[in-house]
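Below you'll find the structure, written out as structure tokens, and then a few comments.
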Amino acid sequence: MRILKAIVYLAFLYCITHSAIAKLAILATNQPIAAPTTIATPPVTNTKVISPQSIESAAKAAPNSVDRFENYNRNAYRLNDKLDKAIIRPTAVGYITYVPLPVRVVLSNFFNNLRDFVTLGNDILQLNGQSSMKNIMRISLNTTIGLGGILDVSTGLGLVQNKNSFGNTMKVYGWTNSSYYIIPLLGPSTVRDALGLIPDTVFNPTWIVFSNNYISVGLFAVNAVNNRAQFLGFDKILETSLDPYVTMRDTYLAAIGESAVASSSTESAPSIDSLLDEGDTPPQKK
């Protein structure tokens, strides 16, 4: 039973984490990907041909205060990438291929309605009265008229979904600078947002609505596959990228409103991450 609950917890964290990655896919398909910010542009007067290997080496060597765990993150990225290619992506492709679009829309609406409770909890913590009232109306309409959330009535009435998280709540209250951090099995995040996943699980009503652990596991698994299917198009960009890790990192940080390179104005600001790790990085994968 404990193992089953752990699986449910991991599946839920995967779903919460990949809500930001869905933004990443939209950003990537609507805007051209800029050159990785850690790659130094050679002088115009230099006519020497730069090899891809030397550029990648420069990207790894360049300092970046928002990626203090780069060595660990690259190992975690490779692990997640192998799992994705072996299990998650093929499942998402099959889901897109064999599940009709109307069914996928209904499932997305249902899970988005549950996700609105997480947003509502954080809106209240941020003392955002206008957004809180908006989400109360969204939840009320979609849960009743929308038949438990399978129909998105609210968006048609102008109440567009706005996802919020406890990571954003900590950002509002002062934790503005946070290092990029890849969570094994879950994907890209920051130290702040990774810690925020824990209270976000409390705000989600799935644990109350579905007390049966087997049903919860099934729902979270479907939601995870549904979320992964939404950004299959981003795979092409990663495949053609010189450094997929840097492309993923920079695009993800842009999607959540963070800067891939810390500006001079943020260098003087105290880093809460440094208080957590005291200059030490997570253990390296051997």
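Some points to look at:
- Accessible surface, per residue, of region 67-186 when the full set of protein chains is kept, probe 1.4 Å, Å²: 50 Å²
- Sulfur and carbon atoms: percent of accessible area, region 90-191 [1.4 Å]: 71 percent
- Scattering curve values for region 151-191, log₁₀ I(q)/I(0), Debye with Cα scatterers, q = 0.13, 0.14, 0.21 Å⁻¹: -0.48, -0.53, -0.76
- Surface calculation, 1.4 Å probe, protein heavy atoms: Val99 sits at approximately 40 Å² accessible.
- Dipole-positive endmost among Thr155, Ala194, Phe166 within region 121-261 (Cβ charges, Cα centre): Thr155
The values are calculated or read from the model by the stated rules, or taken from the named source; none is laboratory data. The structure presented is a predicted model; accordingly, all values stated were derived computationally and were not measured. Positions of Cβ are generated from backbone atoms using ideal geometry, with glycine treated the same way; all protein chains shown enter the neighbour counts. The area values use the complete protein model at the heavy-atom level, side chains included, leaving out ligands, DNA and RNA. Shrake-Rupley method; radii C 1.70, N 1.55, O 1.52, S 1.80 Å.
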